[in-house]
Every structure is written in structure tokens, then in C-alpha cells.
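S.K.: Supplied in C-alpha cells, the structure appears directly below.
The values are calculated or read from the model by the stated rules, or taken from the named source; none is laboratory data. Predicted model only: the values in this text are computed from it and were never measured. Here the Cβ is made from the backbone with ideal geometry for all residues, glycine too, and neighbour counts use every protein chain on show. To get the accessible areas, we keep the full protein, side chains included, count just its heavy atoms, and leave off ligands, DNA and RNA. Shrake-Rupley method; radii C 1.70, N 1.55, O 1.52, S 1.80 Å.
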Amino acid sequence: MSAPIARALASTIVRAYDVRGIVGKDFHREDANALGRALATMMGKGKRICVAWDGRTSSKDFAQAFIDGLVDSGARALVLGLGPTPMGYFALHNLAADACAIITGSHNPPEYNGIKLVSALGPIYGDALRKLAKIAATGAFLVAPGTREDVDVMPAYVRRLAHDFTGAKDLRVAWDAGNGAGGPALTALIEQLPGEHVAIYTEVDGRFPHHHPDPSREENLADLKALVAEHRCDVGIALDGDADRVGVVDHEGVPVWGDELLAYFAEDVLTSYPGATVLYDVKCRRLVFDRIKAAGGRPLIWATGHSLIKAQMRKQDSPISGELSGHIMFADRFYGADDGLYCAVRLLSLLRDKPLAAWRAALPASVVTPELWVPIAEDRKAEVMATLRRMLASQRPLTVDGVRVDSADGWWLIRASNTQAVLVVRAEGHDTAAVRRLLAHVNRLLGECGLALPASALHEEQATTTTGA
């Protein structure tokens with residue numbers, strides 16, 4: 001048992017809903033150790049805490065440091081090994097543990113890593129993360145002997161995923177694991193599902209040699225689109241780096257974005273939960289509100305962030321909620337957790353009776369931008385957002401997360417990313433001309449703060465995507 005040493009964490013790594021930074025720059029092995037000790041201290045002696053890690057080159061070493069911290073501060077560490085983030089969420093429930101930590105950089109570039117934390121009472125985020133950082137900085141750790149136990153939950157996790165499949169037996173499905181931590185679970189899952197499956201990049205490789213593991217960006221779906229076309233698949237499904245998010249293309253290779261997927265799933269789930277609340281984040285299109293309302297649900301717009309939405313889901317007793325980014329949380333028949341593979345199983349269960357391409361074609365037409373990223377220093381985010389709120393106060397913007405403003409042309413959003421050094425801008429309008437007017441207005445506002453949209457957003461036709469009929 002090592003002696004406790006105070007460790008002040010870099011302010012840049014304690015984010016709104018997880019810890020994340022650049023390895024060797026602002027996130028170090030010693031930080032992981034201190035956070036392990038802090039979590040064990042905050043939870044109390046003898047608590048059972050699961051630990052898993054993704055396939056990044058630094059993850060196993062950081063996980064060991066975290067586990068050492070847990071054990072040195074009296075916790076019972078249940079070591080799950082390498083696997084997707086949702087495997088950790090499953091283990092928390094399946095093992096009746098007190099908390100779970102996953103060492104993961106999620107969809108960030110290879111040089112990043114971080115820690116996602118959740119307790120049996122819900123996600124550990126916001127004030128709870130700041131409390132952990134304070135414990136680490138003061139060195140006020142519990143000193144007590146703990147234990148370590150290796151626990152293999154992967155087989156039970158995969159069986160649980162397959163259990164809820166109720167779809168057609170003859171589907172043809174393309175998969176792209178993106179060399180992320182979900183590859184082994186995906187390989188095991190498709191052996192238990194009927195139909196024909198072709199999967200690429202299932203080998204875990206934290207360098208992500210084929211493409212960036214973020215299926216919310218269309219450029220990362222190119223190989224999946226080609227696979228769907230080559231094998232004439234009914235659908236293509238992609239996972240992000242830690243497999244808690246899902247990306248989808250239909251049989252024509254057209255991306256089905258996270259807000260569309262949420263609306264697609266919500267219509268089905270609400271048949272069992274009439275009048276239930278469905279949360280969606282501020283980046284989602286108007287179609288989410290409209291489809292939830294039409295299905296008899298109560299749409300509730302909320303701040304972006306899987307931890308923030310999961311916490312509010314519990315308060316609202318929501319059966320399903322989600323984000324544009326592809327975090328979709330099922331409480332209906334599941335744990336209220338974001339799990340890309342579970343979403344895939346639910347999608348395949350609906351697909352034959354509710355084809356994606358036909359469903360999307362029936363949506364009202366609109367033009368929407370992708371997420372447009374405006375680079376900004378981390379220490380300027382709060383100042384710029386405060387300035388924008390003051391500038392727009394008379395327009396009474398929605399301020400649950402950033403500023404979202406409705407107008408005759410549609411709506412636009414500016415918010416500070418919680419995971420990257422950018423402001424995120426999005427706009428939706430009735431047609432391309434309306435979106436151009438919205439973006440020009442946003443660019444003028446950003447100019448007042450010394451910032452600007454990417455030139456391509458204002459001048460290239462491909463900066464917008466038309467959806468619906």
C-alpha cells in the first residue's frame with residue numbers, strides 16, 4: 001500500500017460529465033491513481049467498484065494506476081478488463097456493484113484518454129467530479145487495505161444484448177467497429193444473431209488506423225457505405241471508439257443521424273408508454289419534437305451530454321432519450337444506459353416492419369447543417385458564451401445549453417463543447433437560402449467575439465443536408 005500523495009488535476013481535464021485530456025500533456029498516470037483513491041474515499045470503505053478500459057495504447061496502464069488507487073483506499077476492485085464502456089454499465093447492474101469506472105478516450109483522437117464514472121445511483125458528473133478533484137488536490141484519501149478480483153462479464157453481457165432481438169431472421173447487416181473497444185463484443189454478438197453479417201475493423205487498435213472512430217461525422221462512414229453496397233445489406237451499423245454510441249446508414253448508404261434514430265425508436269417505445277417524457281439534446285432537429293408529440297409523448301429538450309441526460313431521465317421516468325451524437329439510452333427493457341450494440345439489436349428488431357429509408361422519406365423536408373466547429377481556447381469558452389447570452393437577452397433564447405434561437409427562417413444554436421476545444425454551431429431552416437441567412441447572422445455574432453465560422457459553412461453547398469421528402 002503506497003502512501004497517499006496530493007495530486008492537483010489540470011483544470012482542463014475535469015469536464016462536465018467525465019475526465020478527459022491528452023496523455024502526457026494534461027492527463028497523467030498519477031492523475032488516474034489519485035482519482036482511484038478519491039473515488040474509493042468518496043464511496044466509502046469496502047465498496048465494490050468495477051473497472052474496464054478501452055483499446056488505447058495508454059488505457060491498460062492508466063487502468064492499473066486507477067485500480068491501485070482504489071485498492072490503496074479500501075475499495076473492492078472488480079477488474080473487468082478490456083471492453084466497451086457499456087459492458088461496464090452492464091457489470092454495474094449484473095454484479096450489483098456500487099460504482100463503475102471505464103478508462104476511455106471515447107471518440108477522441110488516439111492521444112487522448114479519460115475516465116467515465118457511474119454509481120448505482122446514476123452517473124457521476126458535475127459537482128461530484130469536482131468533489132473528486134478536490135479530494136485528489138487535498139490528498140485527503142482514505143487509507144485502508146482493499147482487494148482486487150478479476151471478473152469476466154463479456155459472455156453474460158453479449159447474451160443480454162442478444163436476448164432482446166425480436167426481428168426478422170434473414171436480415172443482411174454490415175458492421176464497422178472502427179478498431180474500437182466494441183470489436184470483440186460485436187464479433188461475439190453476431191454469432192448469436194440470425195441473418196447474414198459482415199463486419200470490418202473488429203480488431204482492437206487504439207491507433208485507429210482505418211478511420212477516426214466517430215460515426216457522427218459522415219466522412220467516417222465511407223467504408224461502411226461501401227460495405228453495404230458491396231454486400232447489398234439491409235442496413236449498416238457503426239460504433240464509436242468505446243461503443244456507447246451508434247451510427248447507421250440505410251440500405252441505400254444514406255446516413256441516419258442520431259436525432260432521426262431517436263425519433264424512430266421513440267415512436268415504437270411510446271406505444272408502451274403513452275404520455276411518457278422523451279429527452280433530446282439541443283442539437284436535435286425539430287423533427288424529434290414533432291415525432292415524439294405525434295406519437296403521444298412529451299418531448300423535453302435538454303443539455304447535451306450523456307450523463308446529464310441520463311440523470312434527468314431518472315427524474316422524469318423516461319423510457320428512452322438520446323442525443324444527436326448517437327448516445328441513445330433505453331430504459332425500456334434495459335438499464336437507461338447508452339449502448340451502441342444494444343441500440344443495434346433494437347434497430348434490427350424493428351427494421352423489417354419499419355424500413356429506415358421509407359421512414360425517412362416520409363419526414364417533412366428541411367435543410368440542416370452538420371455540427372460546425374469553431375476552434376476556441378478552453379479558457380475562453382465561458383467568457384464568450386456569457387457575452388452571447390448578454391447580446392441575445394432580448395430575444396429570450398433557450399439557454400439550457402448554450403444559446404438556441406428560433407426565427408422565421410428556422411433555428412440556430414451556439415454551445416460550448418464539453419469534450420473538445422470548440423464552439424458547436426448548428427442551424428436548421430426551411431430551405432438552403434434560409435439556412436444561409438441563419439449562418440450569416442451567427443457569423444456576425446461570432447465576429448463580435450473575435451471568432452468566425454469555417455469558410456466552407458458559408459460558401460459550400462455540401463455544408464447542408466436536406467432530409468425528408
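S.K.: So is Glu378 within 27 Å of Ala177 (Cβ to Cβ) and either open to solvent by 10 Å² or more (accessible area, probe 1.4 Å) or touching a Gly at 6+ places or on another chain (Cβ under 9 Å) (or both) or not?
M.R.: When the stated conditions are applied, Glu378 does not pass them.
S.K.: With region 339-458 as the region, which helices (runs of 4 or more DSSP H) entirely inside it contain at least 2 residues that are within 26 Å of Arg15 (Cβ to Cβ)?
M.R.: Where helices (runs of 4 or more DSSP H) fall fully within region 339-458 and carry at least 2 residues being within 26 Å of Arg15 (Cβ to Cβ), they are 340-350, 381-391, 432-447.
S.K.: Which of (1) open to solvent by 10 Å² or more (accessible area, probe 1.4 Å); (2) at pLDDT 95 or above; (3) within 17 Å of Ala144 (Cβ to Cβ) does Ala3 not meet, given it meets every other one?
M.R.: (2)
S.K.: Just one of Ala101, Ala136 is within 25 Å of Asn179 (Cβ to Cβ), of a type in the set (Gly, Ala, Ser) and in contact with a helix residue (DSSP H, G or I) (Cβ under 9 Å, 6 or more places away or on another chain); which is it?
M.R.: Ala101
S.K.: Next question. For Ala266, all conditions in the list (1) surrounded by fewer than 21 Cβ atoms within 10 Å (Cβ to Cβ); (2) farther than 23 Å from Asn220 by Cα; (3) not polar (S, T, N, Q) hold save one; what is the number of the exception?
M.R.: Tallying (1) surrounded by fewer than 21 Cβ atoms within 10 Å (Cβ to Cβ); (2) farther than 23 Å from Asn220 by Cα; (3) not polar (S, T, N, Q), Ala266 fails exactly one: (1).
S.K.: So which pairs qualify, if the first residue must be in region 438-451 and closer than 26 Å to Ser366 by Cβ, the second must be charged (D, E, K, R) and open to solvent by less than 40 Å² (accessible area, probe 1.4 Å), the Cβ gap must be under 9 Å, and the two must be at least 6 apart or on different chains?
M.R.: The qualifying pairs are Leu438/Asp409; Leu438/Glu428; His441/Asp409.
S.K.: Residues that are touching a Cys at 6+ places or on another chain (Cβ under 6 Å) and open to solvent by less than 50 Å² (accessible area, probe 1.4 Å): does region 49-57 have at least one?
M.R.: Taking every residue of region 49-57 in turn, at least one turns out to be touching a Cys at 6+ places or on another chain (Cβ under 6 Å) and open to solvent by less than 50 Å² (accessible area, probe 1.4 Å).
S.K.: Mind checking which helices (runs of 4 or more DSSP H) fall wholly inside region 120-195 and carry at least 1 residues that are in contact with an Asp or Glu (Cβ under 7 Å, 6 or more places away or on another chain) and within 20 Å of Gly241 (Cα to Cα)?
M.R.: In region 120-195, the matching helices (runs of 4 or more DSSP H) lie at 183-190.
S.K.: Is there a residue in region 119-131 that is of a type in the set (A, V, I, L, M, F, W, C), over 16 Å from Gly88 (Cα atoms) and open to solvent by 20 Å² or more (accessible area, probe 1.4 Å)?
M.R.: So far as region 119-131 goes, yes, one or more of its residues are of a type in the set (A, V, I, L, M, F, W, C), over 16 Å from Gly88 (Cα atoms) and open to solvent by 20 Å² or more (accessible area, probe 1.4 Å).
S.K.: Identify, by number, the condition in (1) more than 29 Å from Ala416 (Cβ to Cβ); (2) surrounded by fewer than 24 Cβ atoms within 10 Å (Cβ to Cβ); (3) touching a Lys or Arg at 6+ places or on another chain (Cβ under 9 Å) that Ala295 doesn't meet.
M.R.: Failed condition: (3).
S.K.: I've got another one for you. Just need a number here: residues in region 6-48 that are open to solvent by 60 Å² or more (accessible area, probe 1.4 Å), within 27 Å of Phe90 (Cα to Cα) and of a type in the set (Ser, Thr, Tyr).
M.R.: Residues that pass the stated criteria total 0.
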